[in-house]
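**Student:** Can you keep this structure in mind? I'll have questions shortly.
What follows is calculated from the coordinates using simple rules that are stated; it is not laboratory data. What you see is a predicted model, and the numbers here were worked out from it, not measured in a lab. For neighbour counting, all protein chains shown are included, and Cβ atoms are generated from backbone atoms with ideal geometry for every residue, glycine included.
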Amino acid sequence: MKARFTPFDFLRLAVLCLIGLSMALPFLWMVGASFKPYTEIDTSQLIPAQPTLENYPIVLNQADAPSLGKKLDLKFGRWYFNSLFTAFGITLLQVLTSAMAAYAFSRLRWRWRDRVFLLYLATMMIPGLVIMIPAFQIVVWMGLLNTYAGLILPMAFSTFGTFMLRQFMLGIPRSLDEAALIDGASHWRVFLDIILPLTRPGMIALAIVTFLGSYQSFFWPLIMLNDDQLYPMSVGMLAFDTIFGRQTELIMAASVMNIAPLILVFVIFQKFMVKGLQLGAVKG
Amino acid sequence: MKSRAKTFWEVCLFLGPNLGGFVVFMAFPVLMSFALAFTNWSLKPAVGLEFVGLRNFGDLLLFRPLDGSAGGPLPLAYLGAGLVCCLGVLGVLWAQISSWRGLRLGGALLATLGAALVLAGAATQAPAGGQGLVLAGLVALLTGVLHMRLEPGQDETRPWGPGPALLPPLLIAAGAAALWAMHGAMFATYAPRDARFWQYLYNTLFLMIGIPFSVLGSLLLAMMLNERFALGPAWGRTAGAGLCLLCGAVSCVLLWRAGMPNWAVIGALFWLIAALGFAFGVVAFRTLFYLPSFTSGVALMILWKALYNPRVGPINAVLEQVATFFNLPYEAPNWLGSVALAKPALVFMGVWATIGGMNMLLYLAALTNIPAELTEAAKVDGASPWNRLRHVIWPQLAPTTFFISVMSIIGGLQGGFDQARVMTAGGPAGSTTTLSYYIYLLAFQNLDLGYAAAISWVLFTIILLATLINWRFGREVEQ
């Protein structure tokens, strides 16, 4: 174990700071640009000479855009809600069904278990694009086009999550639940009272990954929706960029608001997430 | 023993919800997609559903004669030459792994071939094709030079002697020469039935050249983050952080007074990061490096689109200042709007976004799992840092590297949709359209679901082959 701060450490710290700077600079520029008045957007200053907060109410449709002389009529708040709502829905369903299926694959004994699990693993290899086209057709047949259900349901069942939680549950000693079973507890009781609490780190990691992924999902909502009342933030941002792409200051204000919840979630949960990801990955 | 019926109901209870969703939204779509690939399924109401056999795949992969005649054996010969090239490449990998005799001569041949390709690419200067030739040449050059090392256990008396390892480079050379000779005649009389598919396949592969940089960069970052800083007691940390903040404030004020507000802000940010580093150690850097990859979505791409903006974007502003400073001629590069620069610009963005992401975390986990005795023993035996890295750490990381490269290649082959849709609309002149974006265009703009499904299965086959090759050779390297 080293106990001293050597010149080499100093160099390492400096290099790390420089790399960190290159990672942070685009974000700094984004925040800076979001506070620029529209007269200043062509300047190359990182910090505007006359910072203004007015871009945010414009994007949120509370004020007129000075360059247009009217409101943008974006449904930005609505898109926010849609993104958060679908991401929460997908995360909740996915963690719940994955945990239950993982229990069936790791604790119950039944005839076709390993074969069905192999089938799950096999589909993990198939690219999402192969599945998307028929999945779209199925959603059309089910009449779920342009509905929240159509956004949430197809994404709510994950083979990856099942796989990850199964690995977690296999790591829990069997003696714990066998004792309970012998004492006459039902599988449902064992699942709720013994296995779930012990699987919590894995479930939290899965939940964060799923939440971050669904909050940003783009392809599926893009092909599923043509009603801008239902757009999640990703598709809404694209629409915004297509119409008002030249208004960099407004786009950047929107981007800041788009990214802020992600950073919040990540900074709060980063410890769980890094641990869980590494555990799942190393075991898998 | 419990009764069978009870077990059945329990399985239904636990597995039911997930299995139901799995069947409806995954298993069944896979089967259906496979069936669709053999039909002309379309969302246009005027088109009736028909079974068309292999026609979709033929339209995608085959050539057609330009004059409308039946066609001759030339396309087959052309395809054969291409296959010979591919076989040669596989042979090179195989020779390297099983240490065939004659590696040096084979390597020299390969390196020469690579140099010739680079020169040819530079000479033709075709914007798209030239890039590809230069790239392939560089790969051949690099592989050749690596190939020229003498593996231990080889016949050291005749290091340049011919051996079976000469065969694969000869195959590549023969194949390439045949392709070159037939190229003119081939494309004077034949055209690919779907020329766009080949262009987009090339684009997809080109955009994947960021992967090795990203993986190596992740490894470097992970190694820098692996050792904690010995910062001493808590007051030492606080003092260091405070000192950094003070430096930041002073430099910020000084630079601002000197009329360089941008440098003032950048300097302040640098010292702030350093202060965070002192306060929270490696965790601060890990979080910061991970920042681009968990925000990697549409918002980040829109941000980069603004950064690359040729007129008001900051990247060009910096370039212009650098050019004026050194008195160089300056012409604003139109990053995303030019055929030659669009792909490299996207590759750069991709490396920036993924370098500190999942791969870095995986490497960090793997580095922590290396037993300390191993590196200590090597140190005691007097191994240099490079040798410790090469012969102790790198082999221990092999499973992780293998996993990361397989996942990156699979992701890369399927990737490119988001950036094509958000940043470039696949342009200019289709130069950033990848296969995934092509599938999207065909399926949801042309409404040709059958044809799109056929492409997705061709893509799946390519991914499967890449994974198999990776698996075969990756496992060998691990041992």
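**Student:** If I stretch the segment between residue B:235 and residue B:188 completely, what's the gain in nm (0.36 nm per residue apart, minus their alpha carbon distance), one decimal?
**Tutor:** So the chain would gain 9.2 nm between residue B:235 and residue B:188.
**Student:** Using unit Cβ charges (K, R positive; D, E negative) and no other charged atoms, how large, in debye to the nearest 20, is the dipole of chain A about its Cα centre? Could the numbers behind the result be given before it?
**Tutor:** Numbers: 21 positive and 15 negative charges, 234 e Å.
Value, rounded to 20: 1120 debye.
**Student:** Taking square-rooted eigenvalues a ≥ b ≥ c of the alpha carbon gyration tensor, is the stretch B:237-337 rounded, prolate or oblate, where a/c under 1.5 means rounded and, failing that, a/b exceeding b/c means prolate? Could you put the intermediate results ahead of the total?
**Tutor:** Numbers: a/c = 3.25, a/b = 1.36, b/c = 2.39.
Oblate is the answer for the stretch B:237-337, as a/c is 1.5 or above yet b/c matches or exceeds a/b.
**Student:** Most mobile of A:254, A:104, A:205 per a Gaussian network model of chain A (Cα springs, under 10 Å)?
**Tutor:** Looking only at A:254, A:104, A:205, the biggest GNM fluctuation is shown by A:104.
**Student:** Return the Rg/Rh ratio of the stretch B:235-282 with Cα-based radii and a Kirkwood Rh.
**Tutor:** Values: Rg = 11.3 Å, Rh = 10.6 Å.
Rg divided by Rh gives 1.06.
**Student:** Compute the FRET efficiency between residue A:227 and residue B:44 as 1/(1 + (r/R0)^6), taking r as their Cβ-Cβ distance and R0 = 22 Å, and round to the nearest 0.05. Write out the running numbers ahead of the final one.
**Tutor:** Numbers: r = 22 Å, r/R0 = 1.00.
Efficiency for this residue pair is about 0.50.
**Student:** For residue B:19, what is the net charge nearby, where nearby means another residue's Cβ is under 15 Å from its Cβ and Lys, Arg count +1, Asp, Glu -1?
**Tutor:** Numbers: positive: A:111, A:113, A:115, A:166; negative: A:114, B:10.
So the surrounding residues net to +2.
**Student:** OK, next. Along the positive direction of the dipole of chain B (beta-carbon charges: Lys, Arg +1; Asp, Glu -1; about the Cα centre), which of B:263, B:470, B:172 reaches farthest?
**Tutor:** It is B:263, whose Cα lies furthest towards the positive end.
**Student:** Just to be sure I understand the curve: with the Debye formula and one point per C-alpha of chain B, what is log10 I(q)/I(0) at q = 0.06, 0.09, 0.11 Å⁻¹?
**Tutor:** Evaluating at q = 0.06, 0.09, 0.11 Å⁻¹ gives log10 I(q)/I(0) of -0.40, -0.88, -1.23.
**Student:** For chain B, find the longest principal axis of its Cα atoms and tell me its angle to the long axis of helix B:195-207, 0 to 90°, nearest 10.
**Tutor:** Around 20 degrees separate the two axes.
**Student:** Work out Dmax and Rg for chain A from the C-alpha atoms and quote the Rg first, both in angstrom.
**Tutor:** 24.0, 75
**Student:** While we're here: Could you give the Stokes-Einstein D for the protein assembly as shown in µm² per second, using the C-alpha Kirkwood radius, 37 °C, 0.692 mPa s?
**Tutor:** Working: Rh = 29.3 Å.
Diffusion coefficient, whole number: 112 µm²/s.
**Student:** Test of understanding: extend the Cα→C-beta vector of residue A:189 to 7 Å, then name every residue of the stretch A:92-114 with backbone N under 18 Å from that spot.
**Tutor:** Only A:108 pass the distance filter.
**Student:** What average number of partner chain Cβ atoms lie no more than 10 Å from the Cβ of the residues making up B:398-411?
**Tutor:** Values: counts 0, 1, 2, 0, 0, 3, 1, 0, 0, 1, 0, 0, 2, 1.
Mean inter-chain Cβ contacts per residue within 10 Å come to 1.
**Student:** How big is the dipole moment of the protein assembly as shown about its Cα centre under a simple scheme where the beta carbon of each Lys and Arg is +1, that of each Asp and Glu is -1, and everything else is neutral? Debye, nearest 20, please. Walk me through the intermediate numbers first.
**Tutor:** Numbers: 46 positive and 33 negative charges, 267 e Å.
It comes to approximately 1280 debye.
**Student:** Counting only pairs 8 or more places apart or on different chains, how many lysine pairs in the protein assembly as shown have C-alpha atoms closer than 29 Å?
**Tutor:** For the protein assembly as shown, qualifying lysine pairs total 13.
**Student:** Provide a whole-number value for the mean count of partner chain Cβ atoms within 10 Å of the Cβ atoms in peptide A:122-128.
**Tutor:** Numbers: counts 2, 5, 1, 5, 10, 13, 5.
Average per residue, whole number: 6.
**Student:** Let me ask something else. Would the stretch A:1-109 count as rounded, prolate or oblate if I go by the C-alpha gyration tensor, calling it rounded below 1.5 in a/c and otherwise prolate when a/b exceeds b/c, oblate otherwise?
**Tutor:** Numbers: a/c = 5.20, a/b = 1.14, b/c = 4.56.
It is oblate, given that a/c is not under 1.5 and a/b is not larger than b/c.
**Student:** Relative to the Cα centre, what is the charge dipole magnitude of the stretch A:143-251, using +1 at the beta carbon of each Lys and Arg, -1 at the beta carbon of each Asp and Glu, and rounding to the nearest 20 debye?
**Tutor:** Around 220 debye, computed over the stretch A:143-251.
**Student:** Across peptide B:299-311, how many C-beta atoms of other chains are within 10 Å of each residue C-beta, on average? Please list the in-between numbers first.
**Tutor:** On the way: counts 16, 7, 6, 12, 11, 1, 4, 12, 5, 0, 3, 0, 1.
Neighbouring Cβ atoms belonging to other protein chains average 6 per residue here.
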